[in-house]
Amino acid sequence: MSVGLIIGIIVVILVVIAIVLYNNLVKARTYTQESWSQINVQLKRRNDLVPNLVSTVKGYASHEQDTFAKVVELRNQLVARDNPQASQAERNETMQLSNQLSDQLKTVFALSESYPDLKANQEFSKLMEELTNTENKIAYSRQLYNSSVASYNIKLQTFPSNLVAGSTGFKPVDYLQVPEEETKAPTVSFDK
């Protein structure tokens, strides 16, 4: 074998390795984008359910208008942000709005304790169940997103794919963070 042939084989092998590494990075980035899209799907589902919930509860708790207005305002802000190709900063803002809406929905759910007729309303119960299921799906989608981000970021940082990532413009992606208030342990007291 000549030296030229050996060098040619080595070059071909290196090119094939670079192509495989690049394709793996593209796959990992695509999975991350797809998992963000799943969050958007669940947020849209929740946003579609919110107006029905608000209209159902309004008849029972008409003096809770501030709560309803805040829920509708947050929902409308989230609807306006529906962008599968959002930047990292936009994703973080979307999650902050989503967390605020979740907190407001908890307030609406708590209203049912004050209004027995509302609690007994079948439509309200069905909407509460749907929203609870959707909140669980949002939580799962966030976990999936963070897992996809971890896989992608690992590929960006490990040798030899980090060489390909650095030379082709792949950038790390941030994890979705849990809001600070949700990381604190709740205070439980049995004192009356």
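Computed values, structure above
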{"read-out": "Long-range neighbours under 7 Å by Cβ, at least six apart or interchain, first residue surrounded by fewer than 16 Cβ atoms within 10 Å (Cβ to Cβ) within the range 77-89, second aromatic (Phe, Trp, Tyr) and not in a loop (DSSP other than H, G, I, E, B)", "value": "Pro84/Trp36"}
{"read-out": "Output for the range 150-192, where each listed residue is in a helix (DSSP H, G or I) and either modelled with pLDDT under 90 or β-branched (Val, Ile, Thr) (or both)", "value": "Ile154, Val164, Thr168, Glu180, Glu181, Glu182, Thr183"}
{"read-out": "The listed residue being in contact with a Lys or Arg (Cβ under 7 Å, 6 or more places away or on another chain) and either over 29 Å from Gln96 (Cα atoms) or polar (S, T, N, Q) (or both), out of Thr134, Thr158, Thr168", "value": "Thr134"}
{"read-out": "Qualifying residue in the range 117-131 (condition: modelled with pLDDT under 80, of a type in the set (Lys, Arg), closer than 30 Å to Leu25 by Cβ and surrounded by 12 or more Cβ atoms within 10 Å (Cβ to Cβ))", "value": "no"}
{"read-out": "First in the range 97-121 and without any contact (Cβ under 8 Å) to a residue 12 or more places away in the chain, second anywhere and of a type outside the set (D, E, K, R), Cβ under 7 Å, 6 or more apart", "value": "Lys119/Ser112"}
{"read-out": "Among (1) closer than 27 Å to Tyr175 by Cβ; (2) modelled with pLDDT of 90 or more, the one test that Ile13 misses", "value": "(1)"}
{"read-out": "Criterion (over 30 Å from Glu34 (Cα atoms) and in a helix (DSSP H, G or I)) met by exactly one of Ala110, Ala139", "value": "Ala110"}
{"read-out": "Candidates Arg46, Arg29, Arg81, Arg75, filtered to the one that is under 25 Å from Ala120 (Cβ atoms) and under 16 Å from the mean Cα position of the chain (by Cα)", "value": "Arg46"}
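The values are calculated or read from the model by the stated rules, or taken from the named source; none is laboratory data. Small disclaimer: the values here were computed from a predicted structure and weren't measured. Cβ coordinates were reconstructed from backbone atoms using ideal geometry, including for glycine residues, and neighbour counts include every protein chain displayed.
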